[in-house]
Amino acid sequence: MLGSLEVVNDGIFVPVNARKQRVLLVMLLLSANNLVSADDLVDQVWDQDPPRGARATLQTYVQRLRRVIGESDRIITMAGGYRIRVEPGELDLDRFRELVDRARHAGELERRVEILREALAHWRGDALADIPSDLLRTIHAPRLEHERLAAQEACFDAGLKLGRHLDLVIELQAAAAAAPLRERLHGQLMLALYRSGQQAEAFLVYKRIKEALAEELGVDPGAELQQVYEQILMRDPASAVSSVASGDEEIVSGELVPHELPADVPDFVGRGDLVGRIEGVLSSASTVPVVVITGLPGAGKTALAVKVAHDLRGRFPDGQLHVDLRGHAAAPALTPTEVLARFVIALGAATKRLPSGQEELVALYRTLLRGRKVLFVLDNAAGPNQVRPLLPSAPGCGVIVTSRNDLRGLVALQSAALFQVGTLADEHALTLLTSMIGADRVGAEPAASRELANLCGFLPLALRIAAANVVSRPGCSLAEYVAELRRGNRLTSLEIEGDEEATIRTAFRLSYTTLDSAAARVFRLLGLVAGPDFSAEAVAALAGQSDCAAQLEQLTAANLVMRNRGPRYRLHDLLRVFAVERCAEDDGPPARDAAMSRLLAFYLRHTESAADLLYPTYVWLPRPEGLTKAKPGVFAGPGDAIAWMNAECVNVLAAMIQASEGPHVRFAWFLAEAVRPYLVTSGRYREEGMRAFAAALQAAVAQGDLAAVAAIHSCMGSLNFRHGDNQAASRHFTKELTAHREAGHPEGQARSLIALGNMDRDVGKVDYGADRIREGLVLAANSANLPLQRFGWLGLSYAELLRGNLDEAEAAARRVISFRDLLDERATEGNVRGILGEILLLRGRCREAIEQFTRSLELLRRGSVGHFQADVLGHLSRAHREIGDLVAAGQNARRALGIARSNAAREDEAEALTALAAVCVLGGDLDEAGQLYRSALAMCRQIGYRNGEISALTGQAEVSRSTGDVRLAVSLARRALSLCEETSLQILRMRAKVVLAQAELDDRDTHAAQRLAESSFADARRFGAQLDQARALRVLALARRVAGDTAVADECCRLAVECLRGTDLPDTSALRRSLADICGG
């Protein structure tokens, strides 16, 4: 098979000349020792255009093939199809795969090359080259070719590692020419050429594939190929020993692999032809295949999409993402921006710094997908414009879209493959009924079963509901049930043009009338739930009952309510419409209003309790009698609160919008305050949150309630500030302040001023921000609101730290901590102890700093504020580095890295990489340090994180200086210092000067080194940063000594030692040892 088809029996070549016999034999061999259905064989043998009587003809072909092979028992007839018996080692494809697997586990590279070359020797040409079947060549041949190329690349990779680049150049050139878009092959060729001294040729290879990718696919080379190019361009020593990443080696990439598909339908029937064709499109395309599945409501579009997605998980190993776009739903349709935000988070983007605009999100989305194979299921789309921004550009990805509309625009402009899902075939409809009702009942009444399928319009959803009705009435025959169905309404959507809901509504009504009164009432009230799903507890609150388990069980058994992932439920969008209709008919306005109030109170009580556990809200709106704030005890702890908010946040936001538009408007305001802490700390659902806040604000303005207007502006300002939109945040905080002043609410004014000051501080207006915070503190001091005062002192502590006023910063921090006996709230204390640790570390009080960082971690861990822990662990790693405990420093850096990655906190991940790199530098592993710094730098530039970029640049400069590349060290350090000047980051600026001073000194620019070291020392002395003063004086002493000024150099040494006298830095620390080396003793 690995070339032209050849059959050999006992050493004698057996010709198989008949075209259809060759196709038949290959189909059986591709599934050797497994059943191949007759339907699949018919489709393949006749390329999906079988003649009448094809099944009988197939039997004839099988008999003839047996005679040709000469072994009558080789092809076995089985129920539904055929199986060919193949012994181990008889099939070249099996031998090839067995050898590849052996090579994968071979320990020695030499042995791996031998085994892989033996495996590749089984290929005699293109797979299935002479098989006259478009389907086989389209679907199966590319898969086999991919296996060959993967084995070839693994062989080249091992050869390159063995240093055989000269021997491999010609072979690689031929392979790359045969696969002009295969990036890994071209990367291997570039490395072989470079190592053979042909750098110019390596650049030409990159130029050719870059042009080919742009012309053929409209994409740039992937990250791995770009990295190879950059290594060669920079004459990076790593390119002399590295090789292109291999799929059969364990490589830690740090990328998230999301698996978000809903559960597969266990009794999925029919659609075999559609499944095969859709999988063929998604498996064979060389760019980004887009499949659109359209059809009638209830036809099973989503089930088909999910089935295909589960089948193809192996082809998309980097993840499968699913989203309900709500194109036809009671809730508003999701915008592309909302979906993109969810997708980039799932793919590993930092929630803290997500872009706010759609274009920027699309760019980030496509960047994250580069080089990854991800399958997207975009369910329930409204139209092409909702889908287009979500289409990936990375080759290897795939998209399945479902919609009630045919989305012809995607077909015309995006070359989407359109698949129409119609009704089930007769036999498949009966199979579905049999799986649900039972073979005995269907077999006993075949005529009634067929009529039931016909009356349900052969639509899967209608069939499932009808079957559930039958099962719930064991004493009723199928004929009796069919008679009732026929008398009630025999119309189906296929029979009434323009009324595609008719048949399904009939099935809904028949199912609904079988419910007892309690279950029917619960079903009707579920029409009031605006969110996409709901929990059993929410249903109980809605119904005003302690428990609704029995009613939900009855509803799920009748397929009127569907189980969602986990212990949650959902309504199909058409069932929701039906529930709303029944609720309007059977329940009066007072009953509906009471149920809605109960549901909103349930959401409010839980959301408030979560807010109190997660992060404080400093000013609450006054509550009317009967709606006081929730008492503690709703959740066992912060972990439970976060889990609840993760599951319910979208429902809470939907309830806010619903409340804003009706008689329950105050609930919208209270919910806004309560949900704000989760939205801000988690970074999730920004778009949905802003939409809900806007609805609540509009209602507050219409009501003329200044307190509510201020509260909602505060929420909107906080959410914008969390996501880096400082202009919008300033606008909302200012409007909040104005509303509080008009309302004469001093506590609210204090909160607004502190928030504005924090924002000014973080955008570089530190002095102005500190003044605003102090103004807010004056107002807060006149109230009994201790959390508000604590909020102000926390903001002031960090502002003074940035200003270099360490005494004032420490006093403010300890003022915050003094509140701990009065307020049982951990997150703020955890944060401020982290700030206090930074202050102490700057002063050289390392042991005390470690104590504060450790206490901060304990508080944050108990408060389940995960991503804050990564930041503190990074500082704790630095403290351990300072005292020379590299083991603890490395452990904390790795813990920070793990937590950052698990929380998709990319900024913290970059800081953790930098911290780990610094440990490697002190440990002497400069190669690993350089790689970590490069990874951190690339990540920081990708997400626009300047603080981390500066740290990574200075770290890289240190590594370059240590490895002898002084000019590169100077360049990197100058870039870091330039960024500091742009951002006014004073502490980083001070440290960048020292790194640059040392690099300039190594480059023999003594004057520049002296100037920079003096400036850094002045900064450090102004800040009270003892360790940094000593570092600056150390470099200054070296510069003076080179200049011949020994007396001044000795004085610098004396001052450096004096700076460390008040610290707890041990003699074994790197700083003390380096001072001893140059100063003596």
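The values are calculated or read from the model by the stated rules, or taken from the named source; none is laboratory data. In this text, all values refer to a predicted model and were calculated from it rather than measured experimentally. Note that each Cβ is placed from the backbone with ideal geometry, even for glycine, and that neighbours are counted across all protein chains shown.
Here are a few things to note about the model shown:
- When VAL634, VAL680 are checked against the criterion of being touching a Lys or Arg at 6+ places or on another chain (Cβ under 7 Å) and outside any helix (DSSP H, G or I), a single residue qualifies: VAL634.
- Test result for SER935, surrounded by fewer than 21 Cβ atoms within 10 Å (Cβ to Cβ), on the phi < 0 side of the Ramachandran plot and hydroxyl-bearing (Ser, Thr, Tyr): yes
- Among residues of the range 1029-1081, those that are closer than 18 Å to GLY884 by Cα and outside any helix (DSSP H, G or I), counted: 8
- Residues being within 16 Å of CYS846 (Cα to Cα) and crowded, with 24+ Cβ neighbours inside 10 Å - total across the range 883-905: 2
- Selection status of ARG117, among the charged types (D, E, K, R) and either closer than 26 Å to ARG208 by Cβ or assigned by TED's automatic domain parsing to the domain that holds GLY222 (or both): no
- Restricting the range 352-378 to residues that are in a helix (DSSP H, G or I) and in contact with a His (Cβ under 9 Å, 6 or more places away or on another chain) leaves a set whose member that is surrounded by the most Cβ atoms within 10 Å (Cβ to Cβ) is LYS352.
- Residue among GLY280, GLY270, GLY276 that alone is modelled with pLDDT of 85 or more, in contact with a Ser or Thr (Cβ under 8 Å, 6 or more places away or on another chain) and either closer than 26 Å to ASP101 by Cα or not in a loop (DSSP other than H, G, I, E, B) (or both): GLY280
- Any chance THR734 is surrounded by 19 or more Cβ atoms within 10 Å (Cβ to Cβ) and β-branched (Val, Ile, Thr): no
- Subset of the range 303-326 [under 30 Å from GLU661 (Cβ atoms) and surrounded by fewer than 21 Cβ atoms within 10 Å (Cβ to Cβ)]: HIS322, VAL323, ARG326
Residue-by-condition table, conditions (1) buried (at least 21 other Cβ atoms within 10 Å of the Cβ); (2) of a type outside the set (Ser, Thr, Tyr); (3) at pLDDT below 90:
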position	(1), (2), (3)
SER752	yes, no, no
ASP760	yes, yes, yes
ALA784	no, yes, yes
GLN789	yes, yes, no
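Here's the yes/no breakdown for (1) modelled with pLDDT of 90 or more; (2) surrounded by fewer than 17 Cβ atoms within 10 Å (Cβ to Cβ); (3) touching a Ser or Thr at 6+ places or on another chain (Cβ under 9 Å):
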residue: LEU28; (1), (2), (3): yes, no, no
residue: VAL45; (1), (2), (3): no, no, yes
residue: GLN48; (1), (2), (3): no, yes, no
residue: GLY81; (1), (2), (3): yes, no, yes
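- When restricted to residues that are among the hydrophobic types (A, V, I, L, M, F, W, C) and out of contact with any helix residue (DSSP H, G or I) (no Cβ under 9 Å at 6 or more places or on another chain), the range 377-410 contains 1.
Residues are listed down the side, and each one gets a yes or a no for (1) polar (S, T, N, Q); (2) in contact with a strand residue (DSSP E or B) (Cβ under 9 Å, 6 or more places away or on another chain); (3) at positive phi; (4) part of a helix (DSSP H, G or I):
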position: GLN152; (1), (2), (3), (4): yes, no, no, yes
position: ALA158; (1), (2), (3), (4): no, no, no, yes
position: GLY163; (1), (2), (3), (4): no, no, yes, no
position: GLU171; (1), (2), (3), (4): no, no, no, yes
position: GLN188; (1), (2), (3), (4): yes, no, no, yes
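- Selection from the range 425-475 of residues that are in a loop (DSSP other than H, G, I, E, B) and under 23 Å from VAL561 (Cα atoms): GLY438, CYS456, GLY457, PHE458, LEU459, SER472, ARG473, PRO474
- Which numbered condition ASP586 fails, given (1) surrounded by fewer than 15 Cβ atoms within 10 Å (Cβ to Cβ); (2) without any contact (Cβ under 8 Å) to a residue 24 or more places away in the chain: (2)
- Filter result for the condition that a residue is under 19 Å from LEU144 (Cα atoms) and part of a helix (DSSP H, G or I), over LEU28, LEU5, LEU41: LEU28
- One residue from ALA381, ALA412 being within 27 Å of GLY327 (Cβ to Cβ) and buried (at least 23 other Cβ atoms within 10 Å of the Cβ): ALA381
- You will find that of LEU35, LEU41, LEU30, the residue that is within 48 Å of the chain's Cα centre (by Cα) and under 30 Å from VAL113 (Cα atoms) is LEU30 and no other.
- Residue check, ARG102 at pLDDT 90 or above and either under 36 Å from the mean Cα position of the chain (by Cα) or assigned to a helix (DSSP H, G or I) (or both): yes
- Search result, residues across the range 537-558 that are in contact with a Ser or Thr (Cβ under 9 Å, 6 or more places away or on another chain) and part of a helix (DSSP H, G or I): ALA540, GLN554, ALA557
- Residue within the range 416-423 that is under 22 Å from ARG277 (Cβ atoms), assigned to a loop (DSSP other than H, G, I, E, B) and either without any contact (Cβ under 8 Å) to a residue 24 or more places away in the chain or in contact with a His (Cβ under 8 Å, 6 or more places away or on another chain) (or both) present: no
- Residues of the range 151-178 satisfying the condition of being under 34 Å from the mean Cα position of the chain (by Cα) and of a type in the set (A, V, I, L, M, F, W, C): ALA151, ALA154, CYS155, PHE156, ALA158, ALA176
- Residue count for the range 702-730 under the criterion of being closer than 17 Å to HIS745 by Cβ and surrounded by fewer than 23 Cβ atoms within 10 Å (Cβ to Cβ): the result is 5.
- Scanning the range 645-678 for residues that are of a type in the set (Phe, Trp, Tyr) and within 21 Å of ALA595 (Cβ to Cβ) yields PHE667, TRP669, PHE670.
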